[in-house]
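The block underneath contains the structure these notes are about, expressed in structure tokens.
The values are calculated or read from the model by the stated rules, or taken from the named source; none is laboratory data. Note that the structure is predicted; figures quoted are calculated from it, not measured. Please note: Cβ atoms are built from the backbone with ideal geometry, for glycine as well, and neighbour counts cover all protein chains shown.
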Amino acid sequence: MNQDISSRHDLLIIVRDFYNLLFQSDELKDFFGDFKDKEALEQHLETLVDFWDNTLFYSGSYKRNAMKPHIELHRKHQLNSVHFKQWLDLLTRAIDRNFTGVNAETMKNRALSIATVMKLKFGIQ
């Protein structure tokens, strides 16, 4: 059985696995064309680790507005409920393939809350 999420390194494992899954998703891969450059992707993954480190462990490592890039993405591509479901399914898969425990469950629950808030803000049912 896998251990629970306990560090930034663990979060990096999840976000790398998640992005590998995203790049294979017919529904979502086109949204992530900006990250075909390895350096841009690595920088983005570090930002995601900062976000989840702050979200799970209250580290203070994330100081940005998480909604802003998603609002811009929605303006360009019109996200819908299928996109959000796929995003949640792939993130859950990445977490479950690598970790189990309280923090793993908390991350999945917070992802669901974040997706729900974004859908509401974007007027998606």
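So the values come out like this:
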read-out: Given (1) of a type outside the set (Phe, Trp, Tyr); (2) surrounded by 13 or more Cβ atoms within 10 Å (Cβ to Cβ); (3) outside any helix (DSSP H, G or I); (4) out of contact with any helix residue (DSSP H, G or I) (no Cβ under 8 Å at 6 or more places or on another chain), index of the condition Ile124 fails; value: (4)
read-out: Residue identified as under 17 Å from Phe23 (Cα atoms), at pLDDT 95 or above, among the basic types (Lys, Arg) and part of a helix (DSSP H, G or I) among Arg110, Arg93; value: Arg93
read-out: Pick from the stretch 62-100, criterion surrounded by fewer than 13 Cβ atoms within 10 Å (Cβ to Cβ) and among the polar types (S, T, N, Q), ranking: nearest to Ser25 (Cα to Cα); value: Ser81
read-out: Matching entry among Asp4, Asp17 (being buried (at least 17 other Cβ atoms within 10 Å of the Cβ), among the charged types (D, E, K, R) and modelled with pLDDT of 90 or more); value: Asp17
